[in-house]
Amino acid sequence: MSKQTRPHRNFYGRLKGKSLKAAQKRYLDEDLAALSPGAVGWEENPDRRPLDLPGLFEGKPVWLEIGFGGGEHLVHQAAQNPDIGIIGAEPYINGVAMLLGKIRRAGVENLAVHAGDARDLMDVLPAASIDRAFLLYPDPWPKARHHRRRFVTAEHLDPLARALKPGSVFRVATDIEDYVRQTLQEVPKHGFKWLANAPQDWRRPWPDWISTRYEQKALREGRTPHYLTFVRE
Ligand SMILES: C[S@@+](CC[C@H](N)C(=O)[O-])C[C@H]1O[C@@H](n2cnc3c(N)ncnc32)[C@H](O)[C@@H]1O
C-alpha cells in the first residue's frame, strides 16, 4: 500500500466504537501479529502445546487479564509493572484496536495480546504458570437462563485454576449484585479462597486500580462496583 493510503498510525486510539475499515484491519493484523503470543489457534497448534511463556516474557512473572475491553487497565498494569509480562484476551476487535493505540502511546513492551476467546488461550497456558489474573466487569448476562454463560462457571474456572500458580491472586470486579452472588458461590468451588478483607474490603478498589470504561459507565448509571479478591489455594 502506498504511503498516501496508509492510515494514520494513531487511528486505533480514535475509533470510539466505529467499525474498522479494511485498510485499518490490515494494519491491525500486522500490529497484532507482533504482539501475539502465537500458537493459540487450532490451525497453528492442533495438539494444543503449551505456550513458551518464559520465552515470551524473558522469564518474568506473567499476569492475565480476561476481557480487557478498551485495554485501559491492561496498559496501566503493564506500564506500572515493567518487571512482569501481561497477556490480555479480548474477542471484541474494536477493543483490541483501542488497546493497540494505548500500547503505542504508553510505549509498553511487556504486553501480549490474544485477540479472541480467553478459553482458547487458557487451553495453551502451561499448568501453574500465571501469577495473577484479572476479570474486570465481565459480561453480566442478566437473564436467569443465561447465567450459565457467565465466566464464573466450571467451564472457565477450572482451566483458569489450572493455569494459576498456588498462592496467586484472582481479582474480580463487577457492578451486578447477582454476579457477586454467583462469583462468591462458584469461585471457591474451583480451588480459590475469597479474601474478604484483604487487602481492602470489597467496597474499595485495589491500591493499584485504574477505573475502566465499563466501570465509568456503571458509576454514571448509579451502580456500585464490587472488588473481590481470591487466592488460588
Ligand atoms: C462488560 S465488558 C468489560 C470490559 C473491560 N474489562 C472494562 O471493564 O471496561 C466485558 C468484556 O469481556 C469480553 N469477553 C466476553 N467473553 C469473553 C471471553 N470468553 N474471553 C475474553 N473476553 C471476553 C467482551 O468482549 C467485553 O469486552
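From the residues in segment 70-85 that are closer than 16 Å to Ile210 by Cα and crowded, with 21+ Cβ neighbours inside 10 Å, which one is farthest from the ligand (Cβ to nearest atom)?
Step one: list which residues in segment 70-85 are closer than 16 Å to Ile210 by Cα, which gives 70-81.
Filter once more, keeping what is crowded, with 21+ Cβ neighbours inside 10 Å: 70-71, 73-75, 77-78.
Values: Gly70: 6, Gly71: 8, His73: 7, Leu74: 9, Val75: 12, Gln77: 12, Ala78: 15 Å.
The residue in question is Ala78.
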Identify the residue in segment 71-107 that is of a type in the set (A, V, I, L, M, F, W, C) and at pLDDT 95 or above and, among all such residues, is nearest to Pro50 (Cα to Cα). Ile87
Of the residues Pro54, Pro126, Pro50, which is open to solvent by 40 Å² or more (accessible area, probe 1.4 Å) and assigned to a loop (DSSP other than H, G, I, E, B)? Pro50
Would you confirm whether or not segment 180-187 contains a residue that is in a loop (DSSP other than H, G, I, E, B) and either open to solvent by 70 Å² or more (accessible area, probe 1.4 Å) or of a type in the set (A, V, I, L, M) (or both)? no
Given the conditions (1) in contact with a helix residue (DSSP H, G or I) (Cβ under 9 Å, 6 or more places away or on another chain); (2) within 17 Å of Phe134 (Cβ to Cβ); (3) not basic (Lys, Arg), which single one is not true for Gln77? (1)
Quickly run through segment 189-233 and pick out the residues that are in contact with a Leu (Cβ under 7 Å, 6 or more places away or on another chain) and open to solvent by 40 Å² or more (accessible area, probe 1.4 Å). Trp194, Trp202, Arg232
Of the conditions (1) surrounded by 20 or more Cβ atoms within 10 Å (Cβ to Cβ); (2) farther than 20 Å from Arg213 by Cβ; (3) in contact with a Phe, Trp or Tyr (Cβ under 9 Å, 6 or more places away or on another chain), Val172 fails just one. Which one is it? (2)
Just the residues that are within 20 Å of Leu64 (Cβ to Cβ) and free of Cβ contacts under 8 Å to residues at least 24 places away in the same chain, please, taken from segment 34-43. Ala34, Gly38
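Quick one: is Ala106 in contact with a Phe, Trp or Tyr (Cβ under 6 Å, 6 or more places away or on another chain) and either of a type in the set (Gly, Ala, Ser) or away from the ligand (no atom under 13 Å from the Cβ) (or both)? Working first, answer last.
Details: in contact with a Phe, Trp or Tyr (Cβ under 6 Å, 6 or more places away or on another chain): no; either of a type in the set (Gly, Ala, Ser) or away from the ligand (no atom under 13 Å from the Cβ) (or both): yes.
No.
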Residue that is farthest from the ligand (Cβ to nearest atom) [pool: residues in segment 137-159 that are outside any loop (DSSP other than H, G, I, E, B), open to solvent by 10 Å² or more (accessible area, probe 1.4 Å) and of a type outside the set (Lys, Arg)]: Ala144
Yes or no: Glu65 closer than 15 Å to Arg104 by Cα and not hydrophobic (A, V, I, L, M, F, W, C)? no
In segment 204-233, which residues are touching a Pro at 6+ places or on another chain (Cβ under 8 Å), away from the ligand (no atom under 15 Å from the Cβ) and closer than 19 Å to Tyr179 by Cα? Thr229, Phe230
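The values are calculated or read from the model by the stated rules, or taken from the named source; none is laboratory data. Note that the coordinates shown come from a computational prediction; the quantities given were computed from them, not determined experimentally. Note that each Cβ is placed from the backbone with ideal geometry, even for glycine, and that neighbours are counted across all protein chains shown. Only protein heavy atoms, including side chains, enter the accessible area calculation; ligands, DNA and RNA are left aside. Shrake-Rupley method; radii C 1.70, N 1.55, O 1.52, S 1.80 Å.
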